[in-house]
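Encoded as structure tokens, the structure appears first; notes follow it.
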Number of protein chains: 2
Amino acid sequence: MTLDTARLAPMANAIRALSMDAVQAANSGHPGMPMGMADVATILWTEYLKHDPATPDWADRDRFVLSAGHGSMLIYSLLHLSGYAHPTMEDIRNFRQLGSPCAGHPENFLLDAVECTTGPLGQGVAMAVGMAIAERHLNAAFGNDTVDHRTWVVAGDGCLMEGINHEAIGLAGHLKLGRMNVLWDDNAITIDGPTSLSTSEDIKARYEATGWHVVSCDGHEFADIRRALDEAVADERPSLVACSTVIGKGAPTKQGTSATHGAPLGDEEIAGTRTAIGWDAKPFEVPEQVLSDWRASARRGAQERASWQKRQESFAKRGEFERRMAGDLPANFSLDNYIQSLMKDPVKVATRKASEMVLEQINGKLSETIGGSADLTGSNNTKAGGIGPLTADDYAGRYIYYGIREFGMAAAMNGMALHGGIIPYGGTFLVFTDYCRGAIRLSALQQARVVYVMTHDSIGLGEDGPTHQPIEHVQSLRMMPNLLVMRPADAIETAECWEIALRQKNRPTVLALSRQNLPQVRNAPEEVDQSSRGAYRLKKPGNSRKVTLIASGSEVHLALKCAEELEKQGVGASVVSMVCTQLFDEQDAAYQADMIPGDTLAVSIEAGTTFGWERYTGRDGLNIGIDSFGASAPASDLFEKFGLTAEAIVPQIINKLNA
Amino acid sequence: MTLDTARLAPMANAIRALSMDAVQAANSGHPGMPMGMADVATILWTEYLKHDPATPDWADRDRFVLSAGHGSMLIYSLLHLSGYAHPTMEDIRNFRQLGSPCAGHPENFLLDAVECTTGPLGQGVAMAVGMAIAERHLNAAFGNDTVDHRTWVVAGDGCLMEGINHEAIGLAGHLKLGRMNVLWDDNAITIDGPTSLSTSEDIKARYEATGWHVVSCDGHEFADIRRALDEAVADERPSLVACSTVIGKGAPTKQGTSATHGAPLGDEEIAGTRTAIGWDAKPFEVPEQVLSDWRASARRGAQERASWQKRQESFAKRGEFERRMAGDLPANFSLDNYIQSLMKDPVKVATRKASEMVLEQINGKLSETIGGSADLTGSNNTKAGGIGPLTADDYAGRYIYYGIREFGMAAAMNGMALHGGIIPYGGTFLVFTDYCRGAIRLSALQQARVVYVMTHDSIGLGEDGPTHQPIEHVQSLRMMPNLLVMRPADAIETAECWEIALRQKNRPTVLALSRQNLPQVRNAPEEVDQSSRGAYRLKKPGNSRKVTLIASGSEVHLALKCAEELEKQGVGASVVSMVCTQLFDEQDAAYQADMIPGDTLAVSIEAGTTFGWERYTGRDGLNIGIDSFGASAPASDLFEKFGLTAEAIVPQIINKLNA
């Protein structure tokens, strides 16, 4: 369906009107972007985007990412006008109000057709890279008849200026993700004013330098937009479509200025806009012909979906494809045999190595994992199970060399998880969660099953020193909502943690893993699945119960040592392995009280900040940890320097008991 | 002093020998980079770098940043060979051992001549941008005779691939920082293998697109290196010098491979290298002629410094320059009058606005502040006191439009603070500390006085929703070592916090400021300087003492409301404003116990995660907060939804008391 300007202009103006009216009603929001990109979006959605409003979860739909998420009224308008069940006009009226799915920024958990949560700039583009990777990988696995779609992004100057943009487009260019197209809202305005205040970059040249195809168009000329999109679709490289636009297009006195970016236009300007664009309809009303043109445009996608559906009926791998897109693990998936084998033959390995060992199992049993590392493959031990590299020449590969791009990696993993059909995991050093924290938070907010394999998890990494030694990191991640942070103590806990992580359909996991070898602390075959309650008793008190030692990861065996020494001195001490505080906090009060009885001295031992451990030890407990930066030296010297030895800890406990 | 190859080659080989031997002795470290860049570094340090080993703190020295910090043996070698007092050869022998200043990565707090701590990739380049800004700004303020130096960076592929690189070079190109030169160790190798595994970028074209001058050289040909450096020095733009090198140059079987990157070469390979480069000296011994050539090269800088010193003697602004470089505030600096005026005429403003009000005072009284924002000037309220923009045309300006580059901004501020003479402050939304956390951590580790103006500090920002609402951020920053996190409750506390921040010579500060208006909670003129103890009692209990309410920022006035209601019900309640947990933790036990008596129910109230508040409330206390993501709605609706009202809180306290 190709309409002429007379029919298209009011369709685009419907976006402008809804956007300015909704922002005005909410008395907050961003009208400038939706009004500026209305023409481009109209062409894209009515003529290019493959989607079926009746089936927002159609697996082979094109993915549309509004990376400039503040312009959320653009996508709410597009969804409503195209005929999606949600948002309704009532939802749009309640833009930015409590309970409306039309939140300030688009949230993937509020509207089916919002592919991902955007707002933190640059991450939309980077997630789209992950979606485009997922598409090519699934295409390689399941064929053209099943997976054959594009990824479209609308991005603003902010998205392009953020550092993560560099990482994302570097990855996309390298992997030749030709089915990804970024529509750049090139309006030369940011919040502070003209872009010339802060940048002099030749953006097109930069994209070209990174292996992208670049095409420009007048973002307010329908024919020119079509020409550019045709070219973008035809080119084998990922494309940047530079759409020259006027921010707030239509607003008579404010268009082209930062005044339209993030504030209501005001009644007078809105009235002026109505006149200027010839829009007579009342707020939140769309003329019948305009709506009917929008709705008609969606028929193309409905037909495509129907024929796709038909093809699926005879597809041999349909069951497997549907299972993967549903995010279900194979019914027979289990790591029990592997764990039992460890029970029989204990190993003393670093938990990063233990992670590699269990990945050998996992990657053999699951076809949906895609691993990777931000240039620390040999250190993160993430390449296992015989998986080969995913490259521009072989999208069937299951291992991504992300390069030195932690943030880009994490966001790409979000995109893969949200696309569906893939469980991504990726590694870097735990300390560099600081580099990708913005994306870890979006994993959690978006309820995306991403597994972060974060190794070198404390001063135990030794000589690399304080820049590389996490101190506050584990605790600071534990307080992020909807994120599991697991710090396993040995190979068995590591396997249990991996299984828990894989079974979280709506939660990401950070695995904090040691560089140094750790003894296996558990080898009783009947004690299975202990980690799932977050914390469990590894050692009961021998003498009369006085002390509860709570430790995680590499400090669990230290706690066992302390307990042994305490028992020798007649002090009964139990040891609790705190694998995951979040899961422990979810247990009932009786279990929690059983693990950490109120009538004992509770002592936390973790080679990191003590801040926060008081949740479990109280104001009268004892917290053993490190509240300063680390240092450069062999690990054993550091554990001694920072007092993380039984010799240093036990006397403190005795003193505290005697105080 | 220009030496021929016969003299230069052994000088460069001294770096190679020291590097491979130190890494071997430590049995960990990175020999590949120092060996690969030895020739380039030798030319740079002996013929271009303006420095005087006898005076590492000479204000007008060139700044040298080893952005590829893992190659730390390069700078340790250079410093020792050039004749700096530290590191000694004994220090180098103890590379990576406890107590040696030759840590795994270069630490600015361990060696005078290490300008900044590097290791977290990309940040060295970005800090160098800040140093180069500082140089131009101080040049504008104090003239060519006093400030006229260059900033040199050695960076690897990792530094260039990180997202922050894009932000940093974008800023440098825009500000035309022509006195900044980046020497890129172009060896085509990363940890995982050849760079072709993960990138296809035309790096030179990318730098050119961002306003940089680019020149290439053979990094092992002394004459060619000189040619390239001459060109870099001559060009008005910042320069990227692409030095084509062989990683691990000299190692007969391993050079040119990732095997040399991050592991000792091994005895056999080291012996082979000695033969290959003709190095007969024993480990940690440098032949006399070689050492004497190195030491002679430093005379150039000593002479320059002497003539600079002479010029200073007659410099009218010498005192002011020295004060600023020493990091001392003017002796008469005080905000007392301003604070007293607020006591007299209380204001109800957002603390971000209160910050602007006090900045009006500060920027008028101090010439050393340079403000800025990552494209949120009007929201962060950071432009105040009549300061004008710092631009390529006017380096005398004191306000930087950083663009949408949070990480780049934070790292640049670190560079400015470390350069000296400047107190940088910059703003973004508090939630985007996630974007620049890696640099905030380096502010703390490097003991750099940087002030982060982080506004929109809770769900109080309202409609922008969960992507923009900090939940875990304040607490997660509080646990970072050597960082002050302050959450002032009103205009008076905001002023006090600013003064505390400015007086921290060795500590960065994060100010968490509200978007929404807050009533002034203090107006007793005799109560000055309360914030400096971290927490103080704002309201004494009226009835018999039963409850201690501990709140921060926008929840302090809510706590006062709760206390009022409790008193009405006969429950004595004090209110403690917890402005800064770190400062409170530094107080003596008596003061702490006086503020939060053990015999009362301690209740924390903060619109963020409750995790960690148990430090002050214990296991039997009550923590009021938000342990999920936020939502999009007007702020008042959100405070109600999340139970942050006196109506919701007081009954919980009563219940707890009755339990």
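Semi-axes of the equivalent ellipsoid of region B:5-307 are 28, 23, 17 Å, computed as sqrt(5λ) over the eigenvalues of the C-alpha gyration tensor in descending order. For residue B:561, the lysines whose Cα comes closer than 24 Å to its Cα, not counting residues fewer than 8 places off in the same chain, are B:344, B:348, B:353, B:539, B:540, B:546, B:641, B:656.
Estimated purely from DSSP H runs of n ≥ 4, each contributing -39500 (n - 2.57), the mean residue ellipticity at 222 nm for chain A is -12500 deg cm²/dmol once divided by its residues.
Which whole number gives the average count of other chain Cβ atoms within 10 Å of the Cβ atoms across peptide B:459-465? Walk me through the numbers on the way to the answer.
Details: counts 0, 0, 1, 4, 11, 12, 12.
That average works out to 6.
Using θ = phi - 60° in the Karplus curve 6.51 cos²θ - 1.76 cosθ + 1.60, the 3J(HN,Hα) couplings for region B:183-190 round to 9, 8, 6, 7, 10, 6, 10, 10 Hz; x is entered for Gly and Pro. Relative to the longest principal axis of the Cα atoms of chain A, helix A:299-313 runs at roughly 50 degrees.
Using only alpha carbons, chain B has a radius of gyration to Kirkwood radius ratio (Rg to Rh) of 1.04. If only the Cβ of Lys and Arg carry +1 and only the Cβ of Asp and Glu carry -1, the dipole of region A:199-323 around its Cα centre is close to 640 debye. Taking amide hydrogens as placed 1.01 Å from N in the peptide plane, the amide H of residue B:401 sits under 5 Å from those of B:390, each at least 5 positions away in sequence or on another chain. In this simple spin-label approximation, residue B:648 and residue A:54 carry label points 7 Å from Cα along the Cα→Cβ vector, and these lie 4.2 nm apart.
Placing a label point 7 Å from the Cα of residue A:651 along the Cα-to-Cβ direction, the distances to the matching points in the other copies come to 5.4 nm, shortest first. Among the trypsin sites (Lys or Arg not before Pro) in region B:293-349, those located in a DSSP loop and surrounded by at most 16 other Cβ atoms within 10 Å of their own Cβ are B:317, B:348.
For chain A, the longest principal axis of the Cα atoms and the long axis of helix A:72-82 meet at an angle of about 60 degrees.
Based on Cα contacts under 8 Å between residues 6+ apart, chain B shows a relative contact order of 12 percent.
Can you give the local net charge around residue B:543? Use residues other than it whose beta-carbon is closer than 14 angstrom to its beta-carbon, Lys and Arg +1, Asp and Glu -1.
On the way: positive: B:539, B:540, B:545, B:546, B:568; negative: B:564, B:565, B:567.
Charge balance in the 14 Å sphere: +2.
Sites listed here are GluC sites (Glu not before Pro) in region A:445-542 whose DSSP assignment is loop and whose Cβ has at most 16 other Cβ atoms within 10 Å: A:526, A:527.
Could you give the length gained on full extension between residue A:589 and residue A:628, defined as 0.36 nm per residue of separation minus the Cα-Cα distance, in nm? Could the numbers behind the result be given before it?
Working: separation 39, 0.36 × 39 = 14.04 nm, distance 3.33 nm.
Net length gain for the segment: 10.7 nm.
Find every distance from the label point of residue A:112 to the corresponding label point in the other copies (7 Å from Cα along Cα→Cβ) and write them in nm, one decimal, shortest first. Going from nearest to farthest copy, the values are 7.0 nm.
Could you compute the FRET efficiency for residue A:527 and residue B:545, with r as their C-beta to C-beta distance and R0 at 60 Å, rounded to 0.05?
On the way: r = 48 Å, r/R0 = 0.81.
Using R0 = 60 Å, I get an efficiency of 0.80.
Loop-resident GluC sites (Glu not before Pro) (DSSP state other than H, G, I, E or B) in region A:284-355 with no more than 15 further Cβ atoms inside 10 Å of their Cβ: A:285. Projecting 7 Å from Cα along the Cα-to-Cβ direction, the label point of residue B:336 sits 7.6 nm from its equivalents in the other copies, listed shortest first. Relative to one another, the C-alpha centroids of region A:604-659 and region B:181-217 are positioned 44 Å apart.
Evaluated with a Cβ-only charge set (Lys, Arg +1; Asp, Glu -1), the protein assembly as shown carries a dipole of roughly 1180 debye about its Cα centre, given to the nearest 20.
If you count, for every residue in A:430-442, the Cβ atoms of partner chains within 10 Å of its Cβ, what is the mean?
Details: counts 0, 4, 3, 2, 11, 12, 4, 9, 10, 1, 1, 8, 2.
For peptide A:430-442, the averaged partner shielding equals 5.
Could you tell me how far the Cα centroid of region A:105-121 sits from the Cα centroid of region A:551-582, in Å? Value for the Cα centre distance between the two parts: 44 Å.
In order along region B:208-218, the Karplus-derived 3J(HN,Hα) couplings, from 6.51 cos²θ - 1.76 cosθ + 1.60 at θ = phi - 60°, round to 4, 5, 9, x, 9, 8, 10, 9, 10, 8, 7 Hz, and Gly and Pro are given as x. Measuring between their Cα centroids, region A:344-407 and region A:433-473 lie 17 Å from each other. Only the Cβ atoms of Lys and Arg (+1) and of Asp and Glu (-1) were treated as charged; on that basis the dipole of region B:335-519 about its Cα centre amounts to roughly 400 debye.
Of the residues A:548, B:144, A:428, the one whose Cα sits farthest toward the positive end of the charge dipole of the protein assembly as shown, with +1 on the Cβ of Lys and Arg and -1 on the Cβ of Asp and Glu, is A:548.
Where a number appears in this text, it was derived from the coordinates with a stated rule and is not lab data. Nothing here was measured: the structure is a model prediction, and the numbers come from that model. Don't worry about glycine lacking a Cβ; one is built from the backbone with ideal geometry, like all the others, and counts go over all protein chains shown.
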